[in-house]
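Below: the structure, in structure tokens.
Derivation of every value follows stated rules applied to the coordinates shown; laboratory data play no part. Computed from a predicted structure; not experimentally measured. With ideal geometry, Cβ positions are generated from the backbone for all residues, glycine too; neighbour counts draw on all protein chains shown.
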Amino acid sequence: MKGLALGVLFGALLFVWKPATAAEAPQNFAVLDTPTAVPEISFADAVGQPKTLADYSGKIVLLNIWATWCAPCRKEMPTLDRLQAELGGPDFEVVALSMDRKGPDVVKRFFAEIGVTHLAVNIDTSAKAMFELGTVGLPTTLLIDREGKEVGRLIGPAEWDSLDMVDFIRSRIAVK
């Protein structure tokens, strides 16, 4: 009888116990079943030096495609800045990639105007990256793993510094 009770208890514990998993994706964040290769895109930094996503190899990257003329983009930019301030470092980087055709000065002025201090200026005046990445509107944000593969994306604006978003991204950073 004692053995049966222990067996029932053990079975119940197995039924209830679930292994720890990564934080769930926030609403509207579409996580891919299998990470996919990201096209090699080119852009420039604030002083016109060429950059690619390969420059961030080994980091989790949150690539935000945006423009200063996009109202939802402008609204979410401070939340991306706060996310970079909180999580940015050797394992994670927010790459805010502007599609402004007028060049980096318009982005620098906008950042100064709203107090963005933790995001680097990155720009693609040709907007080719937008099409190569298959974005259907602005803003669009891709989460890219350490190997340079897309693990998910969110189309539209988000509160990037919200608790559920930060927990989700932290769980992705924790995967080595």
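Values computed for the structure shown
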| read-out | value |
| --- | --- |
| Some residue of region 150-172 being under 21 Å from ASP45 (Cβ atoms) and more than 10 Å from the chain's Cα centre (by Cα) | no |
| Some residue of region 73-93 being in contact with a Pro (Cβ under 9 Å, 6 or more places away or on another chain) and β-branched (Val, Ile, Thr) | yes |
| Region 91-140: number of residues that are among the small types (Gly, Ala, Ser) and either more than 17 Å from the chain's Cα centre (by Cα) or more than 27 Å from VAL151 (Cβ to Cβ) (or both) | 5 |
| Contacts under 7 angstrom Cβ, first residue in region 30-45 being touching a residue at least 24 places away in the same chain (Cβ under 8 Å), partner of a type outside the set (A, V, I, L, M) and outside any strand (DSSP E or B), 6 or more apart | PRO35/ASP145; VAL38/GLY148; PRO39/GLU132; ILE41/GLU132; PHE43/ASP124 |
| Subset of region 22-53 that is small (Gly, Ala, Ser) and not in a loop (DSSP other than H, G, I, E, B) - its residue that is surrounded by the most Cβ atoms within 10 Å (Cβ to Cβ) | ALA44 |
